[in-house]
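Engineer: Have a look at this one before I ask anything.
The values are calculated or read from the model by the stated rules, or taken from the named source; none is laboratory data. This one's a predicted model, so the numbers in the text were calculated from it and none came from an experiment. Backbone-built Cβ (ideal geometry, glycine too); neighbour counts: all protein chains shown.
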Amino acid sequence: MQHTEWIQAAPGVWKTTIGSPEGLTPLTCMNRKPKTEAMTEMPDVPLPLDWEEIAFTGLKAGGSLLSFPLDRNEELYGAGLQFMRMNQRGRTRYLRVNSDPRQDTGETHAPVPFLVSGRGYGVLVDTARAVTLYCGSTLRQRESAASEARDRNTDRGWKATPVSDRLEIRLPPEGAAVYLFAGPGMMDAVRRYNLFCGGGVLPPRWGLGFWHRVPTLYRDEEVEREAMEFRARDIPCDVIGLEPGWHSASYPVTYEWDAGRFPDPAGFVSRMRQAGFRLNLWEHPYVSPRSGLYGWLKALSGDYSVWGGLAPDYTLEKARELYAAQHEREHVSLGISGYKLDECDGSELTRNSWMFPAHAAFPSGHDGEQMRQLYGLLLQDMTSGIFRRNNRRTYGLARASNAGASPLPYVLYSDLYDHRQFVRALCNASFCGLLWSPEVRRTESTEDWVRRMQTVCFSPLAMLNAWGDGVKPWSDPEAEATIRHYIRLRMRLLPYLYTVFAEYEAKGIPPFPAMPLVLDEEKRTKKGAASAAGKRTDVAAANDGSPKGSSRAFGVLDTSEGAYGTRLGREWDDQFCIGRDLLVAPMFAGETGRDVLLPEGVWYEAETGVRREGGRVIRVECPLERLPLFVREGAVIPMMPALDHVPEGDIPVELIHFGSAPGESLLYDDDGETFDYERTGGCWRKVTVAKAADGSFSGTVESGGQGCRYRITGWRFGQTCLPPESTEPSI
C-alpha cells in the first residue's frame, strides 16, 4: 500500500489526485465556483482520520484501490439516490446510471460517488466512470480475519458479510481526483460538499406550489379546461406539465409544437399564464429526423442511435449552442417555465435495453459510459442556463444526475412505483445534494391514493402525474376533501419551505434531511464532549405519559447491534424533517398507526395539538384523513393563505409561534422569480418571540428591504397545532 498526499482545496476540504484522471468529470462539466465564504464560517476542524491510515494500492487488473479505516460501529451514508437501504455499511455499491434500479446493487438514476461517515467526514470521487464502493464489505486476509470465521450450521450469529475494518473504493484505470470533507458532524460534511459544489438551489417561489401533469395527447383546449377545474374546485395549482403529445413527434423527439393539438403555442401559453399557471414541457435527449435540429446536430452526435434518433454530444459547445438557441426561440421566449428531462439514464443490461452502449463513440472523444453517467447533468445544466441568461429562475424534473448537482434547479423522479422506496429515496437524497419527488399516479385503493398524496405534498416537488391514466385530485370522491386539504396546506406552508430552500442555497443545509443527519447534528450540538468521543447510548424503556400508545426513550444515536445492524432496531428511513422545525412521518397503505422517532425537546402533533416529549420513540395512531406531522416547540412558522397560485404582488404572511417556550427563526424573502438575490443577498429577516414574566408573549420581526414581497399580517402565540386557514381572499 502507498500513502496519499493531500492538498487543501477549500476550507475544510482536501484533495488528492491518483493516476492521470480524464478531464471530463461531474465537477468539471458543472464548473461551479465553491462558496468559500460560507465554508469559512463553518467550524475549522481536522478530519477524524489518521492521514497515514488512508492508502491506495495498484491493481493487477488495472486501476487502483483507495481505502480508509472504519470503526466497528461506523455508519456510511450516501452513494446517491438509493432506493433499497439507507446505511450502506456492509454493502458493495456499483455506481452506474441505470433507468431500472430494481436490485440492491447501487445502480440508480443518480449514482453519486459520495459517502458521509458517522465519524463526521465525507469522501467524493470525481469521475465520469462507474465507481465501485466496498463499504466495509471486504475482509482482507490477516490475523484478525480468522476471528470472524463462524459455523453457519450451528452459529446463529453467522453473517454473510463479516464486519470489515476498511472502506475500499475501486478507482477507474486512469485514476481520479478524490476529495475529503471535514465535519465535525455528518451534517457539516454534507454542507461542505454542497457548498463546494456551488451551494444548494433556490427554486422560484411558484416551483414550490402544486404541479399537475395532463395526459399525453391532450389538445390545448383540453389542457385549459382541466387546469381551470383546479380553480373551480378551490385546489391550488401553479404548474401544468405537458407530456410527449405536445411534440410534433416523440420517441425520438422534435422539440417542436404539434400544429394540430397546439395551433397557437404563444396564445396558449399566454392564456395559461394569465390564469396563474406556469407550463413545464416534457422532453428527452434523442432528436428525431423530423426535427429542424436533426441536420445541424447529426455530425455532433454519437455513432449509435436511440429509437432512430440522434444522441447529441452535449459536451461540445456547438451542440449546446444549437440546442439552447432552439429552446430559447420555440419555448422560453413564449413563456415556458421549465422542463421535465426524461430518459436521460438508460441501461443496456436490463429488459429495457434502449440506451446507447458503453462502447459508443462521440465526436468529443468521450465514450458511451462517460456520456450516460453525465447526460442528466449536462441536460440540467444546459436548460437551466437558458433561463439564467434571461434572469429567470426555473424548476423542473430530471431522471438522471450525478455529483455536483446541488445548485441545479431539478428534482429527480422515477417510473418505479413503490411508496416505501419513494420515501427512502427522499431520505437518501439529502446525503448527496439531490432532491427527489415521490410522484403519484393512479393507485389500487383510496387508502394508497391518500397516503401517497399526503407524502408528495411534503416533498421537494409536489406533483400529480396523470400523463398515462388521467387521474385528477378529484378522481376519487371519497378522498377529494383530504387531498384538497393537503394541497392547500402545502400552499400555506410555502413561506417556510422557501426559507428552508434559501438556507440550502446560502449555507448548504439539506432542506429535507434524513434522520441520521438530524440526530447527528443534535448529538454534536447538545452532547458536547460525549459526541466528540463518538459515544453511543442504548435504548432505555420509558413512558412519556402521552395519550396515544407507548414511547421509548433513546440516546441520541444507537448502534448497539453494530454497523451492520440498525439504529434503535431499524434504520428510520421512513421519516424525515423539513428544515429544523417540521418532522414528517409518512403512512403507508394498510397502516393504522406507526412508530415515530422524535428528536430531543418538545414536539406537537401539528393537526391535533397533542404534546409529545422528544428524545424517544412514540406510537401514533392516525386515521386516513391525517398525516403524522410534528412541529418543534419554540418554532415560528410563517404561513400564507391557501391561494389559487403564487401571486405576483404582495403575499400576506402570518407568523405562528408554537408551544410555551420563546423562540426565534429566520424568514427569507425576495422577488421569487429572478437571480437578483445573488446581487442583493435577498431579504433575511430575524423573527423573535419573547416570553414575559407573566407568561405572555411578544414578537418582533425585522423590517424587509426593497424587493421583499411578504406583508406580515399578524401573530399567533402559544399554538399547539396549525391554525385554521386565513380569511384572506383567493386571487
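Engineer: Within segment 218-240, can one find any residue that is assigned by TED's automatic domain parsing to the domain that holds Ala466, on the phi > 0 side of the Ramachandran plot and either of a type in the set (S, T, N, Q) or touching a residue at least 12 places away in the same chain (Cβ under 8 Å) (or both)? If you could, list the steps in order and put the result at the bottom.
Structural biologist: Of the residues in segment 218-240, the ones assigned by TED's automatic domain parsing to the domain that holds Ala466 are 218-240.
Going one step further and asking which of them are on the phi > 0 side of the Ramachandran plot, we end up with 234.
Checking the rest, the ones that are also either of a type in the set (S, T, N, Q) or touching a residue at least 12 places away in the same chain (Cβ under 8 Å) (or both) come to 234.
Within segment 218-240, one or more residues are assigned by TED's automatic domain parsing to the domain that holds Ala466, on the phi > 0 side of the Ramachandran plot and either of a type in the set (S, T, N, Q) or touching a residue at least 12 places away in the same chain (Cβ under 8 Å) (or both).
Engineer: Going residue by residue through segment 410-417, is there one that turns out to be part of a strand (DSSP E or B), buried (at least 24 other Cβ atoms within 10 Å of the Cβ) and over 11 Å from the mean Cα position of the chain (by Cα)?
Structural biologist: Residues of segment 410-417 part of a strand (DSSP E or B): 410-412.
Now drop any that are not buried (at least 24 other Cβ atoms within 10 Å of the Cβ), which leaves 410-412.
Subset that is over 11 Å from the mean Cα position of the chain (by Cα): none.
Looking through segment 410-417, none of the residues is part of a strand (DSSP E or B), buried (at least 24 other Cβ atoms within 10 Å of the Cβ) and over 11 Å from the mean Cα position of the chain (by Cα).
Engineer: Check off (1) surrounded by 23 or more Cβ atoms within 10 Å (Cβ to Cβ); (2) of a type in the set (Lys, Arg); (3) in contact with a strand residue (DSSP E or B) (Cβ under 7 Å, 6 or more places away or on another chain) for Arg424 and give me the number that stays unchecked.
Structural biologist: The failed condition is (3).
Engineer: So is Ala400 outside the structural domain of Arg129 (by TED's automatic domain parsing) and either under 12 Å from the mean Cα position of the chain (by Cα) or among the charged types (D, E, K, R) (or both) or not? Write out each step before concluding.
Structural biologist: Working: outside the structural domain of Arg129 (by TED's automatic domain parsing): yes; either under 12 Å from the mean Cα position of the chain (by Cα) or among the charged types (D, E, K, R) (or both): no.
Considered against the rule, which asks whether it is outside the structural domain of Arg129 (by TED's automatic domain parsing) and either under 12 Å from the mean Cα position of the chain (by Cα) or among the charged types (D, E, K, R) (or both), Ala400 comes out as no.
Engineer: Select from segment 487-499 the residues that are under 21 Å from Ala429 (Cβ atoms) and either crowded, with 24+ Cβ neighbours inside 10 Å or not β-branched (Val, Ile, Thr) (or both) and list them in ascending order. Break it down into steps so the answer makes sense when it comes.
Structural biologist: Step one: filter segment 487-499 for residues under 21 Å from Ala429 (Cβ atoms), giving 490, 493-494, 496-499.
Scanning segment 487-499 gives Arg490, Leu493, Leu494, Tyr496, Leu497, Tyr498.
Engineer: Keeping to segment 87-114, report how many residues are crowded, with 24+ Cβ neighbours inside 10 Å, more than 17 Å from Ala398 (Cα to Cα) and not polar (S, T, N, Q).
Structural biologist: 6
Engineer: Now a separate question. Criterion first (over 26 Å from the mean Cα position of the chain (by Cα) and within 21 Å of Gln454 (Cβ to Cβ)) does Arg612 satisfy it?
Structural biologist: Working: over 26 Å from the mean Cα position of the chain (by Cα): yes; within 21 Å of Gln454 (Cβ to Cβ): yes.
For Arg612, the condition - over 26 Å from the mean Cα position of the chain (by Cα) and within 21 Å of Gln454 (Cβ to Cβ) - is met.
Engineer: Can you go through Gly106, Gly122, Gly136 and tell me which one is in the same structural domain as Pro11 (by TED's automatic domain parsing), within 20 Å of the chain's Cα centre (by Cα), on the phi > 0 side of the Ramachandran plot and not β-branched (Val, Ile, Thr)?
Structural biologist: Values: Gly122 fails: on the phi > 0 side of the Ramachandran plot; Gly136 fails: within 20 Å of the chain's Cα centre (by Cα).
One residue alone meets the criteria, Gly106.
Engineer: Which of the numbered conditions does Asp50 fail, given that it passes all the others? Conditions: (1) over 25 Å from Arg524 (Cβ atoms); (2) among the charged types (D, E, K, R); (3) modelled with pLDDT under 95.
Structural biologist: Among (1) over 25 Å from Arg524 (Cβ atoms); (2) among the charged types (D, E, K, R); (3) modelled with pLDDT under 95, the lone unmet condition for Asp50 is (1).
Engineer: Checking Asp44 against (1) without any contact (Cβ under 8 Å) to a residue 60 or more places away in the chain; (2) of a type outside the set (Phe, Trp, Tyr); (3) closer than 18 Å to Tyr179 by Cβ; (4) in a strand (DSSP E or B), which single condition isn't satisfied?
Structural biologist: Going through the list (1) without any contact (Cβ under 8 Å) to a residue 60 or more places away in the chain; (2) of a type outside the set (Phe, Trp, Tyr); (3) closer than 18 Å to Tyr179 by Cβ; (4) in a strand (DSSP E or B), Asp44 breaks only (4).
Engineer: If we scan segment 5-19, do we find a residue that is polar (S, T, N, Q), touching a residue at least 24 places away in the same chain (Cβ under 8 Å) and assigned to a loop (DSSP other than H, G, I, E, B)? Spell out how you get there, then give the answer.
Structural biologist: Step one: list which residues in segment 5-19 are polar (S, T, N, Q), which gives 8, 16-17.
Of the ones still in play, those that are also touching a residue at least 24 places away in the same chain (Cβ under 8 Å) are 16-17.
Still in the list and also assigned to a loop (DSSP other than H, G, I, E, B): none.
Taking every residue of segment 5-19 in turn, none turns out to be polar (S, T, N, Q), touching a residue at least 24 places away in the same chain (Cβ under 8 Å) and assigned to a loop (DSSP other than H, G, I, E, B).
Engineer: So which residues in segment 355-393 are out of contact with any Gly (no Cβ under 6 Å at 6 or more places or on another chain) and among the aromatic types (Phe, Trp, Tyr), if there are any at all?
Structural biologist: Passing the criteria: Tyr375, Phe387.
Engineer: Okay, moving on. Restricting attention to segment 557-581, and to residues there that are outside any loop (DSSP other than H, G, I, E, B) and surrounded by fewer than 22 Cβ atoms within 10 Å (Cβ to Cβ), which single residue is modelled with the lowest pLDDT?
Structural biologist: Within segment 557-581, the first condition is being outside any loop (DSSP other than H, G, I, E, B), and the residues that meet it are 567, 570, 576-578.
Narrowing the set further to residues that are surrounded by fewer than 22 Cβ atoms within 10 Å (Cβ to Cβ) leaves 570, 578.
Values: Arg570: 82, Ile578: 98.
Ranking the qualifying residues of segment 557-581, first place goes to Arg570.
Engineer: Further, regarding this structure: Among the residues of segment 188-203, is there at least one that is of a type in the set (A, V, I, L, M, F, W, C), in contact with a Lys or Arg (Cβ under 7 Å, 6 or more places away or on another chain) and in a helix (DSSP H, G or I)?
Structural biologist: Of all residues in segment 188-203, those of a type in the set (A, V, I, L, M, F, W, C) come to 189-190, 195-197, 201-202.
Those still in the list that are in contact with a Lys or Arg (Cβ under 7 Å, 6 or more places away or on another chain) too: 195, 197.
Then drop every residue that is not in a helix (DSSP H, G or I), which leaves 195.
Yes, segment 188-203 contains a residue that is of a type in the set (A, V, I, L, M, F, W, C), in contact with a Lys or Arg (Cβ under 7 Å, 6 or more places away or on another chain) and in a helix (DSSP H, G or I).
Engineer: Here's a follow-up. Exactly one condition in (1) farther than 20 Å from Asp188 by Cα; (2) of a type in the set (Lys, Arg); (3) within 21 Å of the chain's Cα centre (by Cα) is false for Lys35; which is it?
Structural biologist: Only one criterion in (1) farther than 20 Å from Asp188 by Cα; (2) of a type in the set (Lys, Arg); (3) within 21 Å of the chain's Cα centre (by Cα) is unmet by Lys35, namely (1).
Engineer: Based on what the data block shows, is Thr28 closer than 22 Å to His366 by Cβ and of a type outside the set (A, V, I, L, M)?
Structural biologist: On the way: closer than 22 Å to His366 by Cβ: yes; of a type outside the set (A, V, I, L, M): yes.
For Thr28, the condition - closer than 22 Å to His366 by Cβ and of a type outside the set (A, V, I, L, M) - is met.
Engineer: Would you confirm whether any residue within segment 490-501 is under 21 Å from the mean Cα position of the chain (by Cα), of a type outside the set (Ser, Thr, Tyr) and assigned to a loop (DSSP other than H, G, I, E, B)?
Structural biologist: Yes, segment 490-501 has at least one match.
Engineer: Being in a loop (DSSP other than H, G, I, E, B) and not assigned by TED's automatic domain parsing to the domain that holds Glu480 is true for just one of Leu643, Leu667. Which residue is that? Spell out the reasoning first.
Structural biologist: Working: Leu667 fails: in a loop (DSSP other than H, G, I, E, B).
None of the others qualify; the one that does is Leu643.
Engineer: Confirm whether Arg619 is among the charged types (D, E, K, R), surrounded by fewer than 18 Cβ atoms within 10 Å (Cβ to Cβ), at pLDDT below 95 and farther than 24 Å from Gly714 by Cβ. Lay out the reasoning, then the answer.
Structural biologist: Numbers: among the charged types (D, E, K, R): yes; surrounded by fewer than 18 Cβ atoms within 10 Å (Cβ to Cβ): yes; at pLDDT below 95: no; farther than 24 Å from Gly714 by Cβ: yes.
Judged against the criteria, Arg619 is not a match.
Engineer: Quick one: which residue in Gly385, Gly404, Gly396, Gly376 is in contact with a Cys (Cβ under 6 Å, 6 or more places away or on another chain) and at negative phi? Let's see the steps before the verdict.
Structural biologist: On the way: Gly385 fails: in contact with a Cys (Cβ under 6 Å, 6 or more places away or on another chain); Gly404 fails: at negative phi; Gly396 fails: in contact with a Cys (Cβ under 6 Å, 6 or more places away or on another chain).
Result: Gly376 is the single residue among Gly385, Gly404, Gly396, Gly376 that is in contact with a Cys (Cβ under 6 Å, 6 or more places away or on another chain) and at negative phi.
Engineer: Which of the residues belonging to segment 642-653 are out of contact with any Cys (no Cβ under 7 Å at 6 or more places or on another chain), within 18 Å of His485 (Cβ to Cβ) and surrounded by fewer than 22 Cβ atoms within 10 Å (Cβ to Cβ)? Show your work before the answer.
Structural biologist: Restricting attention to segment 642-653, the residues satisfying the condition of being out of contact with any Cys (no Cβ under 7 Å at 6 or more places or on another chain) are 642-644, 646-653.
If we keep only those that are within 18 Å of His485 (Cβ to Cβ) too, we end up with 642-644.
The answer is Asp644, and nothing else.
Engineer: Kindly list the number of the only condition in (1) in contact with a His (Cβ under 9 Å, 6 or more places away or on another chain); (2) within 26 Å of Glu648 (Cβ to Cβ) that fails for Gly707.
Structural biologist: Looking at each condition in turn, Gly707 falls short on (1).
Engineer: So, one more: Taking Leu65 and the conditions (1) outside any strand (DSSP E or B); (2) farther than 24 Å from Pro516 by Cβ, which numbered condition does it fall short on, given that it satisfies the others?
Structural biologist: With respect to (1) outside any strand (DSSP E or B); (2) farther than 24 Å from Pro516 by Cβ, Leu65 is out only on (1).
Yes or no, residue by residue, for (1) in contact with a Cys (Cβ under 6 Å, 6 or more places away or on another chain); (2) assigned to a helix (DSSP H, G or I); (3) under 30 Å from Gly185 (Cα atoms); (4) not acidic (Asp, Glu):
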| residue | (1), (2), (3), (4) |
| --- | --- |
| Cys432 | no, no, yes, yes |
| Arg442 | no, no, no, yes |
| Val450 | no, yes, no, yes |
| Gly468 | no, no, no, yes |
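Engineer: Hey, can you tell me all the residues within segment 298-322 that are touching a residue at least 60 places away in the same chain (Cβ under 8 Å) and over 22 Å from Asp415 (Cβ atoms)? Give the steps one after another, and end with the answer.
Structural biologist: First, the residues of segment 298-322 that are touching a residue at least 60 places away in the same chain (Cβ under 8 Å): 299-302, 304, 311, 314-315, 320.
If the condition is that a residue be touching a residue at least 60 places away in the same chain (Cβ under 8 Å) and over 22 Å from Asp415 (Cβ atoms), then Ala299, Leu300, Ser301, Gly302, Tyr304, Tyr314, Thr315, Arg320 are the ones that fit.
Engineer: Follow-up question, since we're still on this one. So in segment 646-664, with the set limited to residues that are assigned to a loop (DSSP other than H, G, I, E, B) and not polar (S, T, N, Q), which one is nearest to Arg709 (Cα to Cα)? Write out each step before concluding.
Structural biologist: Within segment 646-664, the subset assigned to a loop (DSSP other than H, G, I, E, B) is 646-650, 659-662.
With the extra rule that they be not polar (S, T, N, Q), the set shrinks to 646-650, 659, 661-662.
Working: Val646: 11, Pro647: 10, Glu648: 9, Gly649: 7, Asp650: 5, Gly659: 28, Ala661: 29, Pro662: 26 Å.
Residue satisfying both the conditions and the ranking: Asp650.
Engineer: Does Leu167 count as within 26 Å of the chain's Cα centre (by Cα), modelled with pLDDT of 95 or more and in a loop (DSSP other than H, G, I, E, B)?
Structural biologist: On the way: within 26 Å of the chain's Cα centre (by Cα): yes; modelled with pLDDT of 95 or more: yes; in a loop (DSSP other than H, G, I, E, B): no.
No; evaluated as a whole, the condition is false for this residue.
Engineer: Still on this model: Gly508 versus (1) within 15 Å of Phe210 (Cβ to Cβ); (2) at pLDDT 95 or above; (3) small (Gly, Ala, Ser): which is the lone unmet condition?
Structural biologist: Condition not satisfied by Gly508: (1).
Engineer: Against the definition (under 22 Å from Gly241 (Cα atoms) and part of a loop (DSSP other than H, G, I, E, B)), how does Thr394 come out, yes or no? Steps first, answer last, please.
Structural biologist: Details: under 22 Å from Gly241 (Cα atoms): yes; part of a loop (DSSP other than H, G, I, E, B): yes.
In short, yes.
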